[in-house]
Amino acid sequence: MGKQTVALKNPPSITAGACVVGKKEGDGPLKDSFDYIGEDSFFGMRTWEMAESEMQKTALREALRKAELTPSALNYIFAGDLLSQCIGSAFGMREMGIPFFGLYGACSTMAEGLALAAMTIDGGFADNAAAVTSSHFCSAERQFRFPLEYGGQRTPTSQWTVTGAGAAILSGMGVAPYVTHVTAGKLVDAGVKDANNMGAAMAPAAFDTLTAHFTDTGRAHDYYDLILTGDLGELGGDILLDLFAREGVDIKSRYNDCGRMIYPRDTADSNSGASGCGCSAAVLMGHVLRGMRAGKWNNVLFAATGALMSTTSSQQGESIPSICTAVSISNMR
């Protein structure tokens, strides 16, 4: 449809979803929607990176249990994370014995995984597939910013990386909700160079992909009960609303951002809200999936964003190219 969107002929079901979070996330407003809340940042493991892999395994196993499937029923796993070489996913999934596609879309990885898994099933190349992703505050800080022991001051525009993981099981046959449309995003570079202001870097990519989705499908924004981005946070979300307002479109009444939802709004140390692959994955596979099954929302547009930066590119003074992948999820096929 149009330039960037595909409408799936046989929309696959999100048969089951599961999410795992850390203690900070488990103390937040969405605590009742998570499947497992860790008691500390290690999840019984020796390192934070190993803990991230453990979160992925726990989320996938719980999703499979809900779907009443064994791992061997999966044709493919689509998984990724924020760590170099995606070791959180590679080490987490290495014991599964399932064909594996490693993804890197930064914080957009959950939407990217859902999109690719859904298109693979719709194309007749799989019966069942999983989309899995994670992030961990401590491992991300160590890689992208400063060691925690350094005690660096966080800027007001910075976001707190969620310790969490999410897994979705998609099937050709199953109950609602269904993945009906996928809008692939283009790389958008707004020229932002501040690695502590990812919301500003990613908001133009979200605007670009959402605009493409509405144009390609012919749908107005009010077709959706919920337009959900992840993770622009407070500042990025406001920028997105302003970009639409300039076009005479007001999406505020049905818009939210995963980075605004997972922590209390008045939490000082989360600054501009939450971020990380695990943020949108945990919110979508917990709060949103449960809400759709309960009939709270029938049509959700999930548009996850990612800042495609690295420590090397930041140190070399590069700007931050960003991506947004949008997935339309509906209770009607």
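The values are calculated or read from the model by the stated rules, or taken from the named source; none is laboratory data. Since we're looking at a predicted model, the values are computed, not measured. All Cβ positions, glycine included, derive from the backbone under ideal geometry; neighbour counts span all protein chains shown.
Taken over region 24-37, the criterion of being surrounded by fewer than 22 Cβ atoms within 10 Å (Cβ to Cβ) and in contact (Cβ under 8 Å) with a residue 40 or more places away in the chain is satisfied by LYS24, GLY28, PRO29, LEU30, SER33, ASP35.
Filtering region 225-243 to residues that are within 21 Å of ALA294 (Cα to Cα) and of a type in the set (A, V, I, L, M) leaves LEU226, ILE227, LEU228. Within region 208-221, the presence of a residue that is in a helix (DSSP H, G or I) and modelled with pLDDT under 95 is excluded. Exactly one residue out of SER72, SER53, SER13 is buried (at least 24 other Cβ atoms within 10 Å of the Cβ), among the hydroxyl-bearing types (Ser, Thr, Tyr) and either touching a Leu at 6+ places or on another chain (Cβ under 6 Å) or modelled with pLDDT of 95 or more (or both), and it is SER53. From the list SER319, SER280, pick out the single residue that is among the polar types (S, T, N, Q), touching a strand residue (DSSP E or B) at 6+ places or on another chain (Cβ under 6 Å) and either surrounded by 15 or more Cβ atoms within 10 Å (Cβ to Cβ) or more than 19 Å from GLY166 (Cα to Cα) (or both). Only one candidate passes the filter, namely SER280. Among the candidates VAL249, VAL283, the residue that is modelled with pLDDT of 95 or more, assigned to a loop (DSSP other than H, G, I, E, B) and hydrophobic (A, V, I, L, M, F, W, C) is uniquely VAL249.
When every residue of region 71-81 is checked against the conditions, at least one turns out to be in contact with an Asp or Glu (Cβ under 7 Å, 6 or more places away or on another chain), touching a residue at least 40 places away in the same chain (Cβ under 8 Å), more than 20 Å from PHE125 (Cα to Cα) and in the same structural domain as THR161 (by TED's automatic domain parsing). Note on region 106-125: residues that are within 27 Å of SER84 (Cβ to Cβ) and surrounded by 24 or more Cβ atoms within 10 Å (Cβ to Cβ) total 11.
Evaluate the following for LEU289: is it over 10 Å from the mean Cα position of the chain (by Cα), closer than 16 Å to VAL132 by Cβ, assigned by TED's automatic domain parsing to the domain that holds ILE323 and not in a loop (DSSP other than H, G, I, E, B)? Answer is yes for this residue.
When we screen ARG254, ARG265, ARG290 for residues that are among the basic types (Lys, Arg), more than 26 Å from TYR104 (Cβ to Cβ) and at pLDDT below 95, the only hit is ARG265. In region 153-169, is there at least one residue being surrounded by 24 or more Cβ atoms within 10 Å (Cβ to Cβ) and in a helix (DSSP H, G or I)? No: zero hits.
Here is the figure for region 182-199: residues that are outside any loop (DSSP other than H, G, I, E, B) and surrounded by 23 or more Cβ atoms within 10 Å (Cβ to Cβ) total 4. Please go through (1) out of contact with any helix residue (DSSP H, G or I) (no Cβ under 7 Å at 6 or more places or on another chain); (2) touching a residue at least 24 places away in the same chain (Cβ under 8 Å); (3) not hydroxyl-bearing (Ser, Thr, Tyr) for ALA206 and return the number of the only condition it doesn't satisfy. The single condition ALA206 does not satisfy is (1). Taking the numbered list (1) within 25 Å of GLN4 (Cα to Cα); (2) in a helix (DSSP H, G or I); (3) over 18 Å from the mean Cα position of the chain (by Cα) in turn, LEU114 passes all entries but (3). Of all the residues in region 90-130, those that are among the small types (Gly, Ala, Ser), over 21 Å from SER322 (Cα atoms) and in contact with a Phe, Trp or Tyr (Cβ under 6 Å, 6 or more places away or on another chain) number 3. Every condition in (1) within 25 Å of SER139 (Cα to Cα); (2) buried (at least 24 other Cβ atoms within 10 Å of the Cβ) is met by GLU234 except one, and the failing one is (2).
Quick one: would you say GLY44 is part of a loop (DSSP other than H, G, I, E, B) and touching a Phe, Trp or Tyr at 6+ places or on another chain (Cβ under 6 Å)? No; evaluated as a whole, the condition is false for this residue.
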